[in-house]
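Okay, so here's the structure we're looking at.
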Amino acid sequence: MADPTSWFTIEQGWSVQDRSGALVGQVVAVVGDEDADIFDGLRFESGEGEERFVEAALVGEIVDGRVTLDADQAELAEPGPAEPGGAEISRDRDAEL
């Protein structure tokens, strides 16, 4: 079992699953302000190719390679909130610090 981690570690391409464990898509971008530690949510692409935003309040467990949402597929099918104007965050783990 993987150890939970912070929203700071989420990367593009990680799997996104609903609360039942069903795969609902892959992370496209993390939205927030890393310097201020403000996590607004994330955008993910569903299996049908639709890009969706899910607010931080619906993001549950985060482990290396996977984000679990505190919502089921029916809840995710409903129109969600508009994406806030926060910055998108992406990482290059191979870059030198």
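A few notes on this one:
- Applying the criterion of being of a type outside the set (A, V, I, L, M, F, W, C) and surrounded by 17 or more Cβ atoms within 10 Å (Cβ to Cβ) to the residues of segment 21-44, the residue that is farthest from Asp72 (Cα to Cα) is Gly32.
- Pick from segment 36-50, criterion of a type in the set (D, E, K, R) and more than 17 Å from Thr5 (Cα to Cα), ranking: farthest from the chain's Cα centre (by Cα): Glu48
- In segment 54-79, the residues that are under 19 Å from Ala22 (Cβ atoms), of a type outside the set (Val, Ile, Thr) and buried (at least 16 other Cβ atoms within 10 Å of the Cβ): Leu58, Arg66, Leu69, Ala71, Leu76
Every number in this text was worked out from the coordinates using simple rules, so none of it is lab data. None of these values were measured; they are calculated from a predicted model. Ideal geometry is used to build each Cβ from the backbone, glycine not excepted, and the neighbour counts take in all protein chains shown.
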